Every structure is written in structure tokens, then in C-alpha cells.
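Report on one structure; see the data block that follows.
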Amino acid sequence: EPEVTQTPSHQVTQMGQEVILRCVPISNHLYFYWYRQILGQKVEFLVSFYNNEISEKSEIFDDQFSVERPDGSNFTLKIRSTKLEDSAMYFCASSEDTGELFFGEGSRLTVL
Amino acid sequence: EDQVTQSPEALRLQEGESSSLNCSYTVSGLRGLFWYRQDPGKGPEFLFTLYSAGEEKEKERLKATLTKKESFLHITAPKPEDSATYLCAVPGHSGYALNFGKGTSLLVTP
């Protein structure tokens, strides 16, 4: 069964460092998303990406965040200068159309 | 403003004790209501999509129903392996990104 894969599964970084989280969406999917979940809180939308551009973003997705689809398979989330409050699980998701999203297992980011 | 409110926050059931989880939503012009299951430390796993009032969908011991203002996830004769957090989500006012509720944490004890 096709699945969304994410790397790394866990990353520890120092405050102020840049982090890149990587995702390989399901191959025939056209819509890509990043969500985050701070420990004990709800799953929060960050950004959606379609046709090689951002289609929607939340207030959380400020200038320190960026997304890219550098090739035909990868989808990345970059955090330029990490803060303590960026510590969270980051989930990548993809969808074939505007229906259900399929999520990866997540990347746990710990900022020290 | 929360578009999705789930209740209860936590629910503890004995194995075999049926119950229902609630998801109320405030979005007008609903473009789908989605149920997911999330195990600790894992990503949400898709369960159901409902599009119109009166619609029902079933999967094993789970049945989801939809009215004009809320959705219910009925769990019949649950087993310990049904223990998880159940999430409800709807698309926002514009776009198709899903907005999630805080979830109901279900614990089923033997």
C-alpha cells in the first residue's frame, strides 16, 4: 500500500539553527501539506502546495518557514532559524484531489 | 474561532461497552467531514469522509454519521486495540486544507 514517508524521524537542533524536514508523498498525489502537532495539542495546519506553488497557508507559517518541491518526488519544509517553540511533531500529508489527506509518520523536532 | 469541537475530551470504556464520540462543526457549506485515528507518536490515519446529512459509513466496529451540525462516531463492542485518539476535521472557509478538532482520547480496557 502506498504511503507518505518522512525523514528524519527525530531531529535535535540548537536554537537558531536551520532545519530541513523531508517528505516523499504518495506518487500520484497532486496536493501536499505540512502540519505540526505540539505535544498534547491539536494537529495544526501550516501550508498546502499545489502545482509548484503555495496554495494556502496559516498564520503559523511565517517568514521563517519555506517549502519546496526540489524534484519530482520530494517535498521539504525548511525552518530558517529555529526557536524553542518550534519543538513539535511535523507531519507531511498528500492527497490525490481535494478529498482525504494521507499522513506520514511524522518528524519529531526538538529545539534546545 | 474553532470550527470543530469534539467531545468528550477523554473516554474510558470497558471492552464490549459501546459508546459514541461527538464532533460539532460551524463551517457553512460543508465540503466534507473527515474522521481520523491517531495512535501515540504516529500520524493521523484516515477512517471516513462524510459529505451530506444522513450519510453513514462503517468500518469494522466503527460507524460514522452526519447531521447538519454534527457528526457521531459510534463504537460498537470496542476492543483494547481500538484505544487511540479519534480526530474530526473539516476544510476551512477557503481552500481544502483540513482543520482538526482537539480529538477524543479513547481508552478501552479488557
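The values are calculated or read from the model by the stated rules, or taken from the named source; none is laboratory data. Quick caveat: nothing in here was measured; it's all calculated off a predicted structure. For neighbour counting, all protein chains shown are included, and Cβ atoms are generated from backbone atoms with ideal geometry for every residue, glycine included. With ligands, DNA and RNA removed, areas are computed over all heavy atoms of the protein, side chains included. Shrake-Rupley method; radii C 1.70, N 1.55, O 1.52, S 1.80 Å.
Below is a table of values for the structure above.
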quantity	calculated
Cα-based Rg and Dmax for the stretch B:21-101, where Dmax is the largest Cα-Cα distance (Å)	12.5, 38
In Å, descending, principal axis extents of the Cα set of chain A	37, 28, 26
The stretch B:58-110: GluC sites (Glu not before Pro) falling in loop per DSSP and having at most 14 other Cβ within 10 Å	B:60
Candidates A:71, A:86, A:97, ranked by Gaussian network fluctuation over chain A, Cα under 10 Å, top entry	A:71
Neighbour-limited loop hits for chymotrypsin sites (Phe, Trp or Tyr not before Pro), the stretch B:8-102 (at most 14 other Cβ within 10 Å; DSSP other than H, G, I, E, B)	B:51
Solvent exposure, largest accessible area first (probe 1.4 Å, DNA, RNA and ligands not counted), of A:69, A:80	A:80, A:69
Cubic angstrom per residue, convex hull over Cα atoms of the protein assembly as shown	124
Alpha-carbon centroids, the stretch B:48-77 and the stretch B:92-110: separation in whole Å	14
Shielding score for B:98-106, defined as the mean number of other chain Cβ atoms within 10 Å	3
Cα-derived Rg to Rh of the stretch A:26-92, Kirkwood definition	0.96
Loop-located GluC sites (Glu not before Pro) in the stretch B:1-47, at most 16 other Cβ atoms within 10 Å (DSSP)	B:1, B:9, B:15, B:17
Packing-based order for A:103-110, A:36-43, using average beta carbon neighbours within 10 Å, highest first	A:103-110, A:36-43
Inter-chain Cβ neighbour average for residues B:37-45, partner chain, 10 Å	5
Solvent exposure ordering (accessible area, 1.4 Å, most first) of B:74, A:10	A:10, B:74
Highest-fluctuation residue, B:41, B:16, B:29 considered, GNM on chain B with Cα pairs under 10 Å	B:41
Listed residues A:35, A:90, A:50, most fluctuating in chain A (Gaussian network, C-alpha, under 10 Å)	A:50
